[in-house]
Amino acid sequence: MSELSAEETQFWDAVDAFIDTANREADNTDPGIISSAILYAAARFSAFYVASFAESRKDFLEDSEETIRHYSEEFLKLMQENIADYGENFKVYMREDDEPQA
């Protein structure tokens with residue numbers, strides 16, 4: 001396996017930190033609420049991130065449809081990859097026996 005770049009290491013460290021926080025919060029809160037909160041936080045921060053590069057409100061709004069399309073496509077791709085990963089590793093990630101319980 002190749003070495004990760006500094007940027008890749010920062011990325012995966014941030015991912016791990018967000019997941020650790022979510023897991024801690026899910027100990028005391030419905031995981032569905034945590035999932036929704038993460039989605040909202042990602043959308044809110046992403047809107048801030050995109051706005052921070054816009055030269056004006058007008059430019060920001062003119063680019064908003066393209067921005068939404070881009071982020072939507074990326075989320076769909078990432079969700080598909082993670083659903084496939086969980087499908088392949090369900091017994092490892094969730095439980096040993098994936099047969100329905102009676």
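The values are calculated or read from the model by the stated rules, or taken from the named source; none is laboratory data. Computed from a prediction, not measured in an experiment: that's the story for all the values here. Reconstructed Cβ throughout: ideal geometry from the backbone, glycine too, with neighbour counts over all protein chains shown.
Scanning the stretch 86-96 turns up one or more residues that are surrounded by 10 or more Cβ atoms within 10 Å (Cβ to Cβ) and within 17 Å of the chain's Cα centre (by Cα). Only one entry in Asn28, Asn82 is in a loop (DSSP other than H, G, I, E, B), loosely packed, with under 11 Cβ neighbours inside 10 Å and modelled with pLDDT of 95 or more, namely Asn28. Evaluated against (1) surrounded by fewer than 12 Cβ atoms within 10 Å (Cβ to Cβ); (2) assigned to a helix (DSSP H, G or I), His70 falls short on exactly one condition, (1). For beta carbons closer than 8 Å, sequence separation of 6+ or different chains, a first residue in the stretch 6-21 that is under 19 Å from Ser36 (Cα atoms) and a second that is at pLDDT 95 or above and among the β-branched types (Val, Ile, Thr), the qualifying pairs are Phe18/Ile38. Being within 20 Å of Tyr71 (Cα to Cα) and either touching a residue at least 12 places away in the same chain (Cβ under 8 Å) or within 16 Å of the chain's Cα centre (by Cα) (or both) is true of Ala41.
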